[in-house]
1. Going residue by residue through the stretch 49-60, is there one that turns out to be out of contact with any Pro (no Cβ under 8 Å at 6 or more places or on another chain) and part of a helix (DSSP H, G or I)?
2. Working carefully through the options Gly34, Gly93, find the one that is among the small types (Gly, Ala, Ser) and touching a residue at least 12 places away in the same chain (Cβ under 8 Å).
3. For the structure I just gave you, tell me whether Ala84 is buried (at least 17 other Cβ atoms within 10 Å of the Cβ), out of contact with any Leu (no Cβ under 8 Å at 6 or more places or on another chain) and farther than 21 Å from Gly128 by Cβ.
4. Sort out which residues of the stretch 69-90 are touching a residue at least 24 places away in the same chain (Cβ under 8 Å), farther than 20 Å from Trp33 by Cβ and of a type outside the set (Gly, Ala, Ser), and write them in order of number.
5. If you check Gln227 against the conditions, is it modelled with pLDDT under 80, surrounded by 11 or more Cβ atoms within 10 Å (Cβ to Cβ) and not in a strand (DSSP E or B)?
6. Report, by residue number, each residue of the stretch 37-48 that is surrounded by fewer than 20 Cβ atoms within 10 Å (Cβ to Cβ) and either assigned to a loop (DSSP other than H, G, I, E, B) or charged (D, E, K, R) (or both).
7. Among the residues in the stretch 57-72, are any under 23 Å from Leu193 (Cα atoms) and either exposed (fewer than 14 other Cβ atoms within 10 Å of the Cβ) or modelled with pLDDT of 95 or more (or both)?
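The values are calculated or read from the model by the stated rules, or taken from the named source; none is laboratory data. Because the structure is a prediction, the values reported are computed rather than measured. Here Cβ is always computed from backbone atoms with ideal geometry, including for glycine, and neighbour counts include all displayed protein chains.
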Amino acid sequence: MTSPPLVADRLTAITTVIADPPRVHDSAPSGVWGTSTDCYQFIARNLPDGARTLETGLGISTVLLGLWSARHTCVVGSAAQVDALKAYLLDHGQSHLDIGFEVGTSDQVLPSLVVDPIDLYLIDGGHGFPIPVVDWYYGSQFLRAGGLVIVDDIQLPSVHDYLIRYLNADPRWTRVGGDHKWLAFRKEGDFTLQEEWTGQDFLGPRRQPASTRLKSSVHRRIERLRQGWNNGPANTTK
């Protein structure tokens with residue numbers, strides 16, 4: 001558990017950065033898109049000292065994780081956003097030397113990324129399907145046993161209906177925090193993400209092909225009709 005004095009310093013940093021955030025997203029009304037404050041607070045309370053971290057996307061979280069991590073890696077598709085964030089850090093007296101910026105789309109960067117095992121992974125880059133799943137698959141391989149993966153914008157069907165549904169079902173991922181906008185899961189043990197469907201019984205029974213389901217339905221209906229005929233009223237004589 002992170003020490004109380006360190007947590008207090010981190011919570012103060014959250015308030016400071018939110019009050020004066022990096023303006024790196026032209027489309028955001030405030031100049032930056034961010035997650036819920038309680039997500040940053042969750043990270044502050046659960047990130048060990050000297051941690052190594054990874055994220056897809058860039059913003060307030062990049063400033064905070066760069067401040068709290070021994071080494072932080074940020075995968076982002078815009079070089080202009082990286083330049084804007086570096087300028088912000090320079091203006092605010094924070095070094096960017098402990099942040100590794102990997103510029104490119106996550107599906108291009110993550111498969112060939114080389115980093116040491118990480119303690120926390122924040123998925124908050126592209127949100128269109130299948131990007132969150134791709135980010136989780138390639139990035140979560142770096143998580144140590146007991147490490148945390150945080151998924152933002154779970155209110156979006158492209159995030160919730162696929163990735164979150166899977167993580168909720170897989171007993172190797174334990175939900176440990178979150179709200180209507182984000183969820184955090186702890187990786188239980190060391191295991192590969194490359195596996196066959198036969199090792200994923202937690203997703204439920206295999207569905208039959210449509211043709212088989214149709215035949216079964218027809219057979220059931222015929223059987224009910226037969227039973228109805230056999231159990232009909234007996235013939236009576238006058």
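1. no
2. Going through Gly34, Gly93 in turn, the sole match is Gly34.
3. Answer is yes for this residue.
4. Selection gives Arg71 alone.
5. No: the conditions fail for Gln227.
6. Answer for the stretch 37-48, where residues must be surrounded by fewer than 20 Cβ atoms within 10 Å (Cβ to Cβ) and either assigned to a loop (DSSP other than H, G, I, E, B) or charged (D, E, K, R) (or both): Asp38, Arg45, Pro48.
7. Yes, that holds for at least one residue.
Residues checked against (1) in contact with a strand residue (DSSP E or B) (Cβ under 9 Å, 6 or more places away or on another chain); (2) buried (at least 18 other Cβ atoms within 10 Å of the Cβ); (3) closer than 21 Å to Tyr40 by Cβ; (4) among the hydrophobic types (A, V, I, L, M, F, W, C):
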{"position": "His92", "(1), (2), (3), (4)": "no, no, yes, no"}
{"position": "Ile99", "(1), (2), (3), (4)": "yes, yes, yes, yes"}
{"position": "Glu102", "(1), (2), (3), (4)": "yes, yes, no, no"}
{"position": "Leu120", "(1), (2), (3), (4)": "yes, yes, yes, yes"}
